[in-house]
Amino acid sequence: VTVMNTLTVNLHLLMVSFYRPEGKRYKIICEEKAFPSDQYMISSQVRFHGFKPEDAIVEIKKRDGEHNFRTEDILRKIDEVGEECALVLIGGVNYYTGQVMDMDTITKAGHKVGAFVGWDLAHAAGNIELKLSEWNVDFAAWCSYKYMNSGPGNASGCFINEKYHNKKDIPRFEGWWGHNKERRFLMEPEFQPEPNADAWQISNAPVLALAPYLASLEMFAEVGMTSLLKKRDKIVAYLEFVLHEIDKDVDSTFEIITPSEQKERGTQLSVFLHGEGKDIFNYLMENGVMLDWREPNVIRLAPAPFYCSYEDIYRFGQILKEGILSKNRS
């Protein structure tokens, strides 16, 4: 693992190494309606290599009437594209629904057809358990601000499988900061890569941006993901309970589109507010609830276990109920 740049920049840099179209193997498999930045990045990459996005990008679709992807559909699509597949690049946790993908199984399927497999872990890092080396993932990148507490646009993390370390012949954009640090100030003309993921670093790390990130990571190391995941499961289940209880007292209907199985979700619950518009979102924000709105009428709730309490969840429920009832009274 290394830390450098920002998320989309890193995905571009990693695709220098892991999107290497050749002959009939040029297609990229991704999920439909991926996070927009990923869509822009993938489209621009295939155009850079001389392909048309409509030819080179294969999107995995959800079934009609369903909110989440089925693993068997993803595997079927990978097998169908087969020898034409150069890369599988999917969000490990879907940004819209909060669905956790079966990264182990999907990675194996991609490798079976001879493709590289990478993951955008923006909504996964600090949220779910990750075993990237065990799953034999080729590469991954994530931002540090969703669950890692360092603020929008701050430094991104990258994972590069150790089987690609110590390779001088791998395609890669290189710079001074990725050069062997023991020899860095000898100012040698020939690049000697660091013996790990740091070889992909190009420029000096932004010290002022990394300082708060380091403070957050030290807290993660002290508390440990095991404890955080245990609380995560409980607090998300309590949030789900609160939503169902309020549903009984109001005319609106809450449809949770995040999978109900804990192994298929992390901290996020995405909720359709049937019968409600953006005014209820605005009411929640005005009353101190920090949440997220996605069209047409979805709110994304993420009770991060590090700093959200069960009392916070209860208070959120009361504010939500009062907002709906007060609107109906008026």
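The values are calculated or read from the model by the stated rules, or taken from the named source; none is laboratory data. Remember, it's a predicted structure, so these values are computed and weren't measured experimentally. Counting neighbours? That spans all protein chains shown, and the Cβs are built from the backbone with ideal geometry, glycine included. For accessibility, only protein heavy atoms count, side chains too; no ligands or nucleic acids. Shrake-Rupley method; radii C 1.70, N 1.55, O 1.52, S 1.80 Å.
With each pseudo-label sitting 7 Å past Cα toward Cβ, what's the HIS111-ASP55 distance in nm, one decimal?
3.1 nm
Would you mind calculating the gained length between GLU72 and LEU186 on full extension (0.36 nm times residue separation, minus the Cα-Cα distance), in nm to one decimal?
Length difference between fully extended and current span is 35.7 nm.
If you roll a 1.4 Å probe over the heavy atoms of the protein chains, what accessible area per residue do you get for the chain, in Å²? It would help to have the intermediate numbers written out before the result.
Working: 16130 Å² over 330 residues.
Heavy-atom accessible area per residue stands at 49 Å².
Please give the net charge around TRP293, taking every other residue with its beta carbon less than 15 angstrom from that of TRP293, where Lys and Arg add +1 and Asp and Glu add -1.
Taking every other residue near TRP293 into account, the sum is -2.
Can you give the net charge of the other residues whose Cβ lies under 13 Å from the Cβ of SER216, counting K and R as +1 and D and E as -1?
Overall, the nearby charge balance is -1.
With every protein chain left in place, what is the accessible area of ARG76 in Å² (1.4 Å probe, nearest 10)?
130 Å²
Roughly speaking, what % of Cα-Cα pairs in the range 229-330 are separated by over 15 Å, rounded to a whole number?
On the way: 3084 of 5151 pairs.
Roughly 60 percent, rounded to a whole number.
Find the centroid of the Cα atoms in the range 205-242 and in the range 300-318, then give the distance between the two in whole Å.
14 Å
Considering only DSSP beta bridges whose two residues both sit in the chain, what percent are antiparallel, to the nearest 5? Could you put the intermediate results ahead of the total?
Details: 22 of 37 bridges.
Rounded to the nearest five, the antiparallel share is 60 percent.
Report the residue, chosen from GLY178, GLY65, GLY91, that carries the largest GNM mean-square fluctuation when the chain is represented by alpha-carbon nodes joined by springs under 10 Å.
Comparing GLY178, GLY65, GLY91 in a Gaussian network model of the chain, the most mobile one is GLY65.
For the chain, which whole percent of the accessible surface, found with a 1.4 angstrom probe, sits on carbon and sulfur atoms?
52 percent
Projecting each Cα onto the charge dipole of the range 54-212 (Lys/Arg +1, Asp/Glu -1 at the beta carbon, about the Cα centre), which of TRP142, THR105, PRO212 comes out farthest on the positive side?
Working it through, the farthest residue towards the positive pole turns out to be PRO212.
Rounded to the nearest 20 debye, what is the charge dipole size of the range 276-325 about its Cα centre when +1 sits on each Lys and Arg Cβ and -1 on each Asp and Glu Cβ?
100 debye
Whenever you get a sec, line up VAL236, VAL1 from highest to lowest accessible area (probe 1.4 Å, protein heavy atoms).
The ordering from most to least exposed comes out as VAL1, VAL236.
Cα centroids of the range 76-140 and the range 44-61: how far apart, whole angstrom?
Spelled out, the Cα-based centre of one part sits 18 Å from the other.
Let a ≥ b ≥ c be the square roots of the eigenvalues of the Cα gyration tensor of the range 164-241; is it rounded (a/c under 1.5), or, if not, prolate (a/b larger than b/c) or oblate?
Prolate.
How large is Rg/Rh for the chain, to two decimals, with Cα atoms and a Kirkwood Rh? Don't jump to the answer; show the numbers that get you there.
On the way: Rg = 21.6 Å, Rh = 21.5 Å.
Reported Rg/Rh (Cα atoms, Kirkwood Rh): 1.01.
May I ask for the angle, rounded to the nearest 10°, between helix 207-223 and the longest principal axis of the chain, with both axes built from Cα atoms and the value confined to 0 to 90°?
Around 70 degrees separate the two axes.
Could you work out the Kirkwood radius for the range 117-206, taking every pair of different alpha carbons, averaging 1/r and inverting it, reported in Å?
Computed over the range 117-206, the radius equals 14.4 Å.
Name the residue from GLY224, ILE256, LEU243 whose Cα lies farthest towards the positive end of the charge dipole of the range 224-330, charges +1 on Cβ of Lys and Arg and -1 on Cβ of Asp and Glu.
It is GLY224.
Based on the Cβ-Cβ distance from SER309 to ARG47, what FRET efficiency comes out when R0 is 41 Å, to the nearest 0.05?
For R0 = 41 Å, the calculated efficiency reads 0.30.
Each label point is 7 Å from the Cα along the Cα-to-Cβ direction; what then is the distance between the points at MET219 and ASN282, in nm?
Placing both labels 7 Å beyond Cα along the Cβ direction yields 3.3 nm.
How long, wide and thick is the range 15-99, going by the Cα atoms along their three principal axes, in whole angstroms, largest first?
So the extents along the principal axes, rounded to whole Å, are 36, 26, 21.
Once amide H atoms are built 1.01 Å from N in the peptide plane, which residues 5 or more positions from ARG25, or in another chain, come under 5 Å H to H?
Here nothing satisfies the definition.
At a probe size of 1.4 Å, how large is the accessible area of MET285, to the nearest 10 Å²?
Accessible area of MET285: about 70 Å².
With θ set to phi - 60°, apply the Karplus curve 6.51 cos²θ - 1.76 cosθ + 1.60 along the range 47-56 and write out the HN-Hα couplings as whole Hz, x wherever there is a Gly or Pro.
Values per residue, Gly and Pro as x: 5, 4, 8, x, 10, 8, x, 5, 8, 8 Hz.
For the range 22-81, run through the chymotrypsin sites (Phe, Trp or Tyr not before Pro) and keep only the ones in DSSP coil with at most 11 other Cβ atoms within 10 Å of their Cβ. Walk me through the intermediate numbers first.
Working: sites: TYR26, TYR40, PHE48, PHE51, PHE69; in loops: TYR26, PHE51, PHE69.
Within the range 22-81, no chymotrypsin sites (Phe, Trp or Tyr not before Pro) qualify (loop, at most 11 other Cβ atoms within 10 Å).
Between HIS274 and LYS24, what is the spin-label point distance in nm, taking each point 7 Å from the Cα along the Cα→C-beta axis?
4.7 nm
If I build a Gaussian network model for the chain, linking alpha-carbon pairs within less than 10 angstrom, which residue out of VAL250, VAL117, VAL16 has the largest mean-square fluctuation?
Evaluated over the chain, the most mobile residue of the options is VAL250.
What is the set of long-range amide H partners of VAL117 at a cut-off below 5 Å, with H atoms built 1.01 Å from backbone N?
Here the answer is VAL88, ASP138, PHE139, since their amide H atoms fall under 5 Å of that of VAL117.
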